[in-house]
Amino acid sequence: MKQTRRKVASAQTSVRAETLSEPNALPILDSVETMTDRAYSALEEMIVRLELKPGVAVSETMLSEILGIGRTPIREALQRLARERLVQILPRRGIIVSDINVKAQLRLLEFRREVDRLLAKAASRRASPEERERFSRLALGMEKASAENDDLAFLRLDREFNELCLVAARNEFAASAMGLMNSLSRRFWYLHYRQAADLPEIALLHAGIAKSIANGDEEGAARASDALLDVIEDFTRNTIEIDVR
């Protein structure tokens, strides 16, 4: 356990240092970030990147020591992660990082396709000029991640893209539904993408949606969203073949 803590703490320190040293890094959506937000962002990335593996048991005390954040923000972040099904909080058993299930992932994608399309069209219609500029910048970032095959840059841009879509669409019901799906999808992708996915293609498909939204092209955004989900569904089915080999 001590070795795991040292490894995760080192990774988190590296992540923070990278972020601070990137002169062209995109700013966060909201400059006012609470300690709970910090705890959630750090834990979500650790789970998505499998630094906290499916099935592993964690505790508030352990995570507080790793991140250098108080237990109250950690507890609130874990409650949010539980709502998103990334962790399970079990009475008398503690906190467990949730397992990954391919069949459940395919069911999630059935629903996600419809919500993604709705969000892309709504964001194309309702985004502010500042948000459209930000989508343009995200598209450039995605294209750079594609060209460099940079998985970490893509994951961070993907999370920011998802968050911006939820804001720009201005539909609280779709945002609530999508908020429960994004992290699960990102973790599944990160687990299998080296064997079954084409990161440059995925990044470019995201860039296509971002460009359409920036240009106010509702139908183009819907088509780009469907094209992305087609690839993601194929990728998810391909993982079944990998797992049974």
Item checked: Selection from region 119-144 of residues that are surrounded by 22 or more Cβ atoms within 10 Å (Cβ to Cβ) and within 19 Å of R223 (Cα to Cα) -> L119, A120, A123, S124, A127, F135, L138, A139, M142
Notebook entry, point to check: In this structure, is A153 touching a Leu at 6+ places or on another chain (Cβ under 9 Å), buried (at least 19 other Cβ atoms within 10 Å of the Cβ) and either outside the structural domain of Y40 (by TED's automatic domain parsing) or modelled with pLDDT of 90 or more (or both)?
Noted result: no
Notebook entry, point to check: In region 30-56, which residue that is without any contact (Cβ under 8 Å) to a residue 40 or more places away in the chain and not in a helix (DSSP H, G or I) is nearest to V167 (Cα to Cα)?
Noted result: D30
Check: What is the number of the single condition among (1) under 30 Å from R223 (Cβ atoms); (2) without any contact (Cβ under 8 Å) to a residue 12 or more places away in the chain; (3) in a loop (DSSP other than H, G, I, E, B) that R107 does not meet?
Finding: (3)
Item checked: Output for region 196-238, where each listed residue is modelled with pLDDT under 95, out of contact with any helix residue (DSSP H, G or I) (no Cβ under 7 Å at 6 or more places or on another chain) and assigned to a loop (DSSP other than H, G, I, E, B) -> D198
Notebook entry, point to check: So which pairs qualify, if the first residue must be in region 186-213 and closer than 22 Å to L86 by Cβ and among the basic types (K, R), the second must be assigned to a helix (DSSP H, G or I) and modelled with pLDDT under 95, the Cβ gap must be under 6 Å, and the two must be at least 6 apart or on different chains?
Noted result: R186/V48; R187/V48
Checklist line | Test for R187: is it of a type outside the set (G, A, S), part of a helix (DSSP H, G or I), within 9 Å of the chain's Cα centre (by Cα) and crowded, with 21+ Cβ neighbours inside 10 Å | finding: yes
Next item on the list: Give the residues of region 71-100 that are part of a loop (DSSP other than H, G, I, E, B) and surrounded by 13 or more Cβ atoms within 10 Å (Cβ to Cβ), sorted by residue number.
Entry: E84, R85, L86, S98, I100
Next item on the list: Residue by residue through region 158-183, note down the ones that are in contact with an Asp or Glu (Cβ under 7 Å, 6 or more places away or on another chain) and buried (at least 18 other Cβ atoms within 10 Å of the Cβ).
Entry: L164, A168, S183
Note to self: Kindly evaluate E60 against the criterion of being crowded, with 16+ Cβ neighbours inside 10 Å, without any contact (Cβ under 8 Å) to a residue 60 or more places away in the chain and among the acidic types (D, E).
What the structure shows: yes
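The values are calculated or read from the model by the stated rules, or taken from the named source; none is laboratory data. Values in this document were obtained by computation on a predicted structure and should not be read as measured data. Reconstructed Cβ throughout: ideal geometry from the backbone, glycine too, with neighbour counts over all protein chains shown.
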